[in-house]
1. Defining a contact as two alpha carbons under 8 Å apart and six or more residues distant in sequence, what relative contact order in percent does chain A show?
2. Sort B:338-350, A:1-13, A:212-224 for me by packing, meaning the mean count of neighbouring Cβ atoms within 10 Å per residue, highest on top.
3. Report, in deg cm²/dmol and to the nearest 500, the calculated mean residue ellipticity at 222 nm for chain B, where each DSSP H run with n ≥ 4 adds -39500 (n - 2.57) and the sum is divided by the residue count.
4. Evaluate peptide A:64-75: per residue, the Cβ atoms of other protein chains within 10 Å of its Cβ; return the mean as an integer.
5. Pick from B:391, B:220, B:39 the residue whose mean-square fluctuation is largest in a GNM of chain B, springs joining Cα atoms under 10 Å.
6. How large is the helix-only mean residue ellipticity at 222 nm for chain A, computed as the sum of -39500 (n - 2.57) over DSSP H runs with n ≥ 4, divided by its residue count, in deg cm²/dmol to the nearest 500?
7. For the pair residue A:174 and residue A:321, what calculated FRET efficiency results from E = 1/(1 + (r/R0)^6), where r is the Cβ-Cβ distance and R0 = 35 Å, to the nearest 0.05?
8. Which one, B:127, B:382, B:163, has the greatest fluctuation when you compute a Gaussian network model over chain B with C-alpha springs under 10 angstrom?
């Protein structure tokens, strides 16, 4: 039960008769008592005439998924099963991150009818957003007092990673096609897989002339090449402790997801098979054997539910995880963070096991504020800060050098740059035939 | 699809739109209500409500039983059963057929005395509330007036010859006078307050003389009215009435007539002086208006304070900025004044950048870098070395200066390396 602002105003209105009629304290007190009794009686009457907030049937119509940053409509159907018309105010109790705001929907549902209340959700966080209950406030015909009940109406919506990096995809695909030798520019592919023979045109590399075919045909023939296809790409995202840290107000894990989505989209376009693992001490998510459009949809679906775990990543079991995915030679992309030498020792000691069989790229998000801090040296505090930043950069440089010594490749970049940088490195590796 | 910026703030969402749905679909089940019904709530809290009410009841009954009648009443009050009360004496008087009328104001006392044929006024003014005029009026109410514990103003007004006599000695004093009540009482308990008056004063009789010549009871007879001053008021109280001859004295003094007016002045006897108070000036509707404002406030509190359903819980991720380790290390350097260590970090970074600029490898010998930089910038190698290696900062000011020189050296090198921008040949 609750009461409304109208009731408060009505009580306050009692001042008027008290001032006008109450000449002596006795009459004024009598007027006061009378007014309070009247108002109370009106309130009770109003409450008894209000429709029951329990006699309501609820049904939800929710989309299953939404990309982060986009809006969806959540539909809630209310059926009045009671004997009176309902004058309601409705609150759909979504979790705050679902972006439903502080919603209060006024609604009138005549007896025996059904109404639709639509609410726009703009989630602000990846993952599963839930709603458990709907609170209904049913006021009487006078709008003085109201009955309130909280009804069970569960629902959930899965918020997928935004994949903002997809804006980089068209340009990278264009470059892939150039590699492929399929564009009108006739840029010869530099891969190592034999594609076809064609007539020599000026500008072709003379080293690619096929003399045997030239002799047979009587015309200069060149071999064309195309990059290898059907290679394996295994993306391992570190979902451990360090992935929770925020760089540019974005957790490292989210940047890792952006980078892996761009890489997966690109690699599947290039005809490679992509597998995805999110791992810290156990597998938090795995996408295996998916192709084309299904790959990306399964990846975002898996990623939506992965949150950073506040535990140290167990790097020693990562080679085993990769071996479970494929025993062939593959491109293994480890997306983690490269910090101090001490924190990266487990990664470094594991790397030789991977580099023995696979091509390994270690990708890491770097903090652009660190680089900026080295240049700001206005006063004493800033100089110490610059020194600490230099120290951090040196640590990263040392660990990167150690990783390169182990035979792996390193890609680092700010959150906005890492996904395209990783894609570029993939194209570079592909064009160099190192896959 | 335009991607929204990450970390967009929650916008206060507009209320949902409402659409009528034409057909009332198949009869739907009612949603399960999580709010307990009034009856369920009542059942749950019934024990506590009953327990609370019971405790309240017990407290009220106990208070009433434990002398709620006498609590807070003045000494010698006729209906007070407490130790300083006067109920014992009143009860006995009534039992003996003397009616006792309680008066709180002079007007009441006057009415009561006027109604009776042969009244006795018992007067005890602990707070000294009556003025001289009223005291005189009080003394004229009845043929017999008994005053317990007279104060200075009363003596001055009604018996100017009488003064205070100090405390009686420790020996029980005999009556030693012709006042019948005193003679019947025999002795009074020792150690009470006394009165005194000059010998040979007309109309005054002193009883219960102490060794110092002071009296516990003084009777003054003037123009047919008897005024009995009993120096010690505790003589009439419940706890002392039974001592020695107290009871006999009190009963004989008050029981001489058929009617006793038991007059203890109250605050209502005090004459009002000065301008009218604020309460008298305010109109009658002010207090009820304040009361209704209290109710309005209560209603508004319920209106605004009633929560629209329970809160919704959500697990939120921790927010850890990646630069926090860097900031922490910077603060450690600053607090411990690790100037050389901080400068070394800056120098190593600068040397590596310089090596890259002058075309040496990252792992190049430091001497080679210094030589190359000195050559490129056209500076003596000793100066370059002092900036890059040798100088040890003794103060923070020197640290700042050295850091500036490091930056300046880097800038100079980069200027020397970068080819000048293409300009016009003839300039």
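Just so you know, all these numbers are worked out from the coordinates, no wet-lab data involved. None of these values were measured; they are calculated from a predicted model. Heads up, the Cβs are rebuilt from the backbone with ideal geometry, glycines too, and the neighbour counts pull from every protein chain shown.
1. On the way: 891 pairs, mean separation 54.4, N = 435.
Relative contact order for chain A comes out at 12 percent.
2. Details: B:338-350: 19.8, A:1-13: 18.1, A:212-224: 13.8.
Final packing ranking: B:338-350, A:1-13, A:212-224.
3. Working: 14 runs with 172 residues, N = 427.
My calculation for chain B gives -12500 deg cm²/dmol from helical runs alone.
4. Working: counts 0, 0, 0, 3, 4, 7, 4, 2, 0, 2, 1, 3.
Per residue, the average neighbour count from other chains is 2.
5. Of B:391, B:220, B:39, the Gaussian network model singles out B:391 as fluctuating most.
6. Values: 12 runs with 160 residues, N = 435.
It comes out at -11500 deg cm²/dmol, rounded to the nearest 500.
7. Values: r = 34 Å, r/R0 = 0.96.
Once rounded, the FRET efficiency stands at 0.55.
8. Among B:127, B:382, B:163, the largest GNM mean-square fluctuation belongs to B:382.
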